[in-house]
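Quick note: the coordinates plus some simple rules give every number you see, no bench work behind them. Keep in mind it's a predicted model, so treat the numbers as computed, not measured. Here the Cβ positions follow ideal geometry from the backbone for every residue, glycine too, while neighbour counts run over all protein chains shown.
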């Protein structure tokens, strides 16, 4: 199994992991999640589960945009 396969697998038995981010960042992510689901509800679409769907997609997006993420992380060092 290659890395891409690992990123695409959907395994409900994944280990839980702590994510250490500022309250401001966590609140912003939570706000995006809630607004996204609210819009989906208005459109009669299935709701995302926060960790199973939304957070998984968020991390995959970050991996796919690793160069941009590295630039942002570099800014955080300053």
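General observations
- Sorted peptide list for 70-78, 30-38, criterion being average Cβ within 10 angstrom, highest first: 30-38, 70-78
- On full extension, the segment bounded by residue 15 and residue 53 gains 12.2 nm, given 0.36 nm per residue less the C-alpha separation.
- Cα-based values for the range 20-77, radius of gyration first and Dmax second, are 13.5, 43 Å.
- Extension gain (nm, one decimal) between residue 75 and residue 25, 0.36 nm per residue minus Cα-Cα: 16.5 nm
- Ranked by how many other beta carbons lie within 10 Å on average, peptides 16-29, 45-58 from highest: 45-58, 16-29
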